[in-house]
Amino acid sequence: MKINAIHHIAIICSDYEASKKFYTNVLGFTIKQEVYRVERQSYKLDLMVAGHYQIELFSFPNPPQRPSRPEACGLRHIAFEVDSVEEIVEKLQNKNIAVEPIRVDEFTGKKFTFIADPDGLPIEFYEK
């Protein structure tokens, strides 16, 4: 068995328009395709990260809450590689996004920080 790469990350949001705005206007991802699925009362938004299809953003009527903190069992967060954590922090703060203090990975010496999307999903920015 050979796995080539991660194909995509699926995110279910509670407020589609707020999450669409966050992922496109704040994080700068581009829309590949947007579909409304009548039978599921659901949007599916395919987003491109640095020119690669990576995120499916879904809306569903009344999705259940998923614990994210403190360290709940399951998928912890998504992380994006960046050239400069300081640059990302500045740009996010200029858009009124709360950013955790920059930390340094004790094993790699690389800088990283976290924000939360509109539903509280932790998003990490990790320096290249």
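Scanning the range 65-87 for residues that are under 14 Å from the mean Cα position of the chain (by Cα) and either under 22 Å from Cys13 (Cβ atoms) or assigned to a loop (DSSP other than H, G, I, E, B) (or both) yields Ser68, Leu75, Arg76, His77, Ile78, Ala79, Phe80.
Evaluation of Ser19 against the conditions (1) free of Cβ contacts under 8 Å to residues at least 24 places away in the same chain; (2) in contact with a Pro (Cβ under 6 Å, 6 or more places away or on another chain) shows that the sole unmet condition is (1). Do we have Val26 as among the β-branched types (Val, Ile, Thr), modelled with pLDDT of 95 or more and in the same structural domain as Glu124 (by TED's automatic domain parsing) here? The answer is no for Val26. One residue stands out among those in the range 1-30 that are farther than 26 Å from Pro64 by Cα and of a type in the set (A, V, I, L, M): the one that is surrounded by the fewest Cβ atoms within 10 Å (Cβ to Cβ), which is Met1.
Exactly one residue out of Ile55, Ile31 is free of Cβ contacts under 8 Å to residues at least 40 places away in the same chain, out of contact with any Cys (no Cβ under 7 Å at 6 or more places or on another chain), among the β-branched types (Val, Ile, Thr) and not in a loop (DSSP other than H, G, I, E, B): that is Ile31.
Any residue at all in the range 47-57 that is farther than 27 Å from Glu127 by Cβ, under 16 Å from the mean Cα position of the chain (by Cα) and of a type outside the set (A, V, I, L, M)? No, the range 47-57 has no match at all. Of the residues making up the range 101-124, those that are outside any loop (DSSP other than H, G, I, E, B) and in contact with a helix residue (DSSP H, G or I) (Cβ under 8 Å, 6 or more places away or on another chain) are Lys111, Phe112, Thr113, Ile115. One residue is enough: does the range 90-100 have a residue meeting the conditions closer than 23 Å to Lys128 by Cβ, assigned to a helix (DSSP H, G or I) and touching a strand residue (DSSP E or B) at 6+ places or on another chain (Cβ under 7 Å)? Checked the range 90-100: at least one residue is closer than 23 Å to Lys128 by Cβ, assigned to a helix (DSSP H, G or I) and touching a strand residue (DSSP E or B) at 6+ places or on another chain (Cβ under 7 Å). Among the listed residues Glu100, Glu106, Glu39, Glu87, identify the single one that is in the same structural domain as Ile6 (by TED's automatic domain parsing) and over 23 Å from His7 (Cα atoms). Sole residue among the options that is in the same structural domain as Ile6 (by TED's automatic domain parsing) and over 23 Å from His7 (Cα atoms): Glu39. Given the criteria in contact with a Lys or Arg (Cβ under 8 Å, 6 or more places away or on another chain) and touching a residue at least 12 places away in the same chain (Cβ under 8 Å), does Tyr43 qualify? Judged against the criteria, Tyr43 is a match.
The values are calculated or read from the model by the stated rules, or taken from the named source; none is laboratory data. Predicted, not measured: the structure shown is a model, and the values here were computed from it. Here Cβ is always computed from backbone atoms with ideal geometry, including for glycine, and neighbour counts include all displayed protein chains.
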